[in-house]
Amino acid sequence: MPGLLFLLIFLLLGTLLQRQFLLPVPAAIIGMLLLLLFLVIRGRTPAALQQSTQTLSPLLPLFLIPVSSGIVTQKAIVSDYGLELLLILAISLIPGILVTGWIMAGGRRS
Amino acid sequence: MISELLSMPLFWAMMTIAAFVLGQALYKATGNTPFLPPILTGVALIVAVLEVTQTPYATYMQGGQLIHLMLGPVIVMLAVPLYQFLHTMRSQWPRIALAVVLGSGTTVVTAVLLTQWWIADDTLAITLGTKSITTPVAVAITDQLGGIAAIASAAVIVTGILGAAMVPWLLRLMKCHDAQTVGLTLGVCAHAIGTARALELGSEQAAYSAMAMTLTATLHALLLPWLLPWIV
């Protein structure tokens, strides 16, 4: 899978840059930006990369299960603040939705 | 024999894949409802098995690690759709950029300030600061900033489920029915789960949602590491 090789090379580059300059941005994000820069300069997506993207995208939730299951180690926080956190998440969505919708719809409404 | 099995990394790697496959099957069986994303079912199953078998998370992670390893390359992969969006949606740049920056900024600042005021815990405030970013990126940033990755992941999933329900409803109250507005708002407020919801509404909604989610993730990944320590 040459597409995966691409991704690993850019991830490694991102990791090296992050270590070298002690950047606070995660290595994978630096890798993503480098890949984006590469695509912009190249002007199109290599077929191998396109193919890997199609293969890997549906599997994304799988790769997230291990770290998300770490919630078992956070029982104290969930039982102490679970309800508060849930309410904060719900309330904070309201201004976000209103602002985003208002900007996008503004001037477009007939 | 069973206790031996429970200590094998390969067993837990297999269980993770099995939980994902079951989660996907349940998602399909319920007609792709945004209330049961495969990640939620998958995590619930793993947590249940860990609880029942009394397996420590560290033991599980020896196998989980094998799967977790792929998260980095998959984040790098997000450059591919991002590049395609940059290309196709050039004409509306200023409005989209403004909506993504201010919209996602408002919801994150509200969440962080509410957490500070209500729970008064810096670690949790930092953790909730990543709530609007798609899970893989949120986890990476939370780790970097000293938040709790598992709580960040839970907050992101909950936000996605709430957002997928609240966005179409609130926008209807605002009398916004336009496909691009609905799609973009879903992407900004409910990331991947919102995009799954947008996909049901139509392909234009889905494209705008996917774009908004990727833009939000990139923007927050770049800005939060500098801004969050300053707000909190």
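The values are calculated or read from the model by the stated rules, or taken from the named source; none is laboratory data. Just so it is clear, the structure is predicted and the values come from calculations on it, not from any experiment. Using ideal geometry, Cβ is built from the backbone for each residue, glycine included, and neighbour counts are taken over all protein chains shown.
Structure summary
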read-out	value
Matching residues in the stretch B:19-42 - criterion: being assigned to a helix (DSSP H, G or I) and in contact (Cβ under 8 Å) with a residue 12 or more places away in the chain	B:ALA19, B:PHE20, B:LEU22, B:GLY23, B:GLN24, B:LEU26, B:TYR27, B:PRO38, B:ILE39, B:LEU40, B:THR41, B:GLY42
Residue that is farthest from B:LEU69 (Cα to Cα) [pool: residues in the stretch A:19-35 that are of a type outside the set (A, V, I, L, M, F, W, C) and within 17 Å of the chain's Cα centre (by Cα)]	A:PRO24
Residues of the stretch B:193-218 classified as surrounded by fewer than 24 Cβ atoms within 10 Å (Cβ to Cβ) and within 12 Å of B:ALA164 (Cβ to Cβ), total	4
Subset of the stretch B:15-46 (residues that are surrounded by fewer than 24 Cβ atoms within 10 Å (Cβ to Cβ) and among the aromatic types (Phe, Trp, Tyr))	B:TYR27, B:PHE35
Count of residues meeting criterion [outside any helix (DSSP H, G or I) and surrounded by fewer than 20 Cβ atoms within 10 Å (Cβ to Cβ)] in the stretch A:13-42	3
Looking only at the stretch B:132-149, and only at residues there that are in contact (Cβ under 8 Å) with a residue 60 or more places away in the chain and not in a helix (DSSP H, G or I), the one that is farthest from the other protein chains (Cβ to nearest Cβ)	B:ILE133
Subset of the stretch B:91-101 that is within 7 Å of another protein chain (Cβ to nearest Cβ) and surrounded by 16 or more Cβ atoms within 10 Å (Cβ to Cβ) - its residue that is nearest to the chain's Cα centre (by Cα)	B:ALA99
One residue from B:LEU45, B:LEU22, B:LEU71 being touching a Ser or Thr at 6+ places or on another chain (Cβ under 7 Å), within 20 Å of B:ILE193 (Cα to Cα) and not hydroxyl-bearing (Ser, Thr, Tyr)	B:LEU22
Condition check for A:LEU98: more than 30 Å from B:LEU69 (Cα to Cα), more than 8 Å from every other protein chain (Cβ to nearest Cβ) and over 22 Å from the mean Cα position of the chain (by Cα)	no
Hits in the stretch B:102-131 (condition: within 17 Å of the chain's Cα centre (by Cα), facing another protein chain (nearest Cβ under 7 Å) and not in a helix (DSSP H, G or I))	B:LYS131
Check on B:GLN144, at pLDDT below 90 and either hydroxyl-bearing (Ser, Thr, Tyr) or touching a Phe, Trp or Tyr at 6+ places or on another chain (Cβ under 7 Å) (or both)	no
Odd one out for A:THR45, checked against (1) at the interface with another protein chain (Cβ under 7 Å from one of its Cβ atoms); (2) assigned to a helix (DSSP H, G or I)	(2)
Options B:THR59, B:THR88, B:THR16; residue that is more than 9 Å from chain A (Cβ to nearest Cβ), among the hydroxyl-bearing types (Ser, Thr, Tyr) and over 21 Å from B:ALA212 (Cα atoms)	B:THR59
Tally, over the stretch A:53-88, of residues that are farther than 21 Å from B:LEU162 by Cα and within 7 Å of chain B (Cβ to nearest Cβ)	10
Output for the stretch B:52-96, where each listed residue is within 20 Å of B:GLU204 (Cβ to Cβ), of a type in the set (A, V, I, L, M, F, W, C) and modelled with pLDDT under 85	B:LEU82, B:PHE85, B:LEU86, B:MET89, B:TRP93
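Here is a yes/no grid of residues against (1) buried (at least 19 other Cβ atoms within 10 Å of the Cβ); (2) in contact with a Ser or Thr (Cβ under 6 Å, 6 or more places away or on another chain):
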residue	(1), (2)
A:GLN54	no, no
A:PRO58	no, no
A:LEU62	yes, no
A:ILE65	yes, yes
A:SER79	no, no
A:LEU83	no, no
A:ILE91	no, no
A:ALA105	yes, yes
